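Scroll down for the structure; my scribbles are underneath it.
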Amino acid sequence: MKTILPFVFAMLLSFSSSLGYAQQHPLPPLVNTSGLGEVKVQPDQLTFRVGVEIREKTLDETRKAADQRTAALISFLKKSGIDDKDVQTENLSVYPIYSGPEYGQTAPQSFQATRTISVTLKKLNRFDELMTGLYKAGANRVDGITYETTQLKKHQEEARRKAVQDAKQKAVLLASELGSKVGRPYQINESGNGGPRPVLYAKAAMREMSAMDAGGPTIALGEITITSTVEVSFLLE
């Protein structure tokens, strides 16, 4: 009890000091608003994830088959002129498969290996060519496609400007309805800056594979959206 009382006293003293400071330094009249800025642009590059999934009886057979087929994919990409910096291994996994009916089975029936490679493509008109070659080289899975822009910083700055303008327009409207005017900004915070939203995932990628088999177009670039959100406090006059 003796150790608790000093702590409680200190907390009360701190609260009293804060309250006294707030009373002596009250906040000025403010209007608080949030603003959202969005910029929609056509992507000029994309990243797709392609790989292999192998199942064999033994661990060694599975590993070797996966390694050989992955090496074939990387070799094809190099021969196709894709820079080394634009090819990255993202996923490596090998695990046992237990499929027997016996409870507590300790020996796996087979092993499965998965290898995934991420490829950044800057010449979008080569997508069909590369995918066809990768399938022939042994790829049997596509894990997704993300559309991107190489001018991300420029578009983020534009999104910020739009977010600030949006916040100020809201503040002016709110203040005018109450017979006040908006003064200079008192405080501003960026709640988060959103990069390009990924617009295509694994299921959609598999649909594109079907479109390729049918001889139709396999990608539709559309637009990507870059966003910015700000919180702004303006002085009221």
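The values are calculated or read from the model by the stated rules, or taken from the named source; none is laboratory data. Predicted, not measured: the structure shown is a model, and the values here were computed from it. For neighbour counting, all protein chains shown are included, and Cβ atoms are generated from backbone atoms with ideal geometry for every residue, glycine included.
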Single unsatisfied condition, Met206 versus (1) at pLDDT below 95; (2) hydrophobic (A, V, I, L, M, F, W, C); (3) closer than 30 Å to Pro96 by Cβ; (4) surrounded by 16 or more Cβ atoms within 10 Å (Cβ to Cβ): (4)
Quick test for you: out of Lys85, Lys170, Lys123, pick the one residue that is at pLDDT 95 or above, loosely packed, with under 13 Cβ neighbours inside 10 Å and among the basic types (Lys, Arg). Lys85
What pairs come up if the first residue lies in the range 138-153 and is surrounded by fewer than 18 Cβ atoms within 10 Å (Cβ to Cβ), the second is in a helix (DSSP H, G or I), and their beta carbons are under 9 Å apart, counting only those six or more places apart or on different chains? Asn140/Arg69; Arg141/Ala202; Arg141/Met206
Test of understanding: among Ser34, Ser93, Ser75, which residue is assigned by TED's automatic domain parsing to the domain that holds Glu157, on the phi < 0 side of the Ramachandran plot and modelled with pLDDT of 90 or more? Ser34
Exactly one of Ala113, Ala107 is modelled with pLDDT of 95 or more and within 22 Å of Glu61 (Cα to Cα), and that residue is Ala113
Scanning the range 42-95 for residues that are touching a strand residue (DSSP E or B) at 6+ places or on another chain (Cβ under 6 Å) and closer than 16 Å to Lys122 by Cα gives Pro43, Gln45, Leu46, Thr47, Phe48, Arg49, Leu77, Asp86, Val87, Gln88
Taking the range 128-137 as the search range and keeping residues that are buried (at least 18 other Cβ atoms within 10 Å of the Cβ) and in contact (Cβ under 8 Å) with a residue 60 or more places away in the chain, which one is farthest from Ile226 (Cα to Cα)? Ala137
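Yes/no per residue for (1) of a type outside the set (D, E, K, R); (2) within 29 Å of the chain's Cα centre (by Cα); (3) at pLDDT below 80:
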{"residue": "Arg160", "(1), (2), (3)": "no, yes, no"}
{"residue": "Leu178", "(1), (2), (3)": "yes, no, no"}
{"residue": "Ile219", "(1), (2), (3)": "yes, yes, yes"}
{"residue": "Glu231", "(1), (2), (3)": "no, yes, no"}
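Let's see how each residue does on (1) more than 17 Å from Ala137 (Cα to Cα); (2) surrounded by fewer than 17 Cβ atoms within 10 Å (Cβ to Cβ); (3) basic (Lys, Arg); (4) out of contact with any His (no Cβ under 7 Å at 6 or more places or on another chain):
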| residue | (1), (2), (3), (4) |
| --- | --- |
| Pro29 | yes, yes, no, yes |
| Gln42 | yes, yes, no, yes |
| Arg49 | no, no, yes, yes |
| Glu53 | no, yes, no, yes |
| Thr62 | yes, no, no, yes |
| Ala66 | no, no, no, yes |
| Asn91 | yes, yes, no, yes |
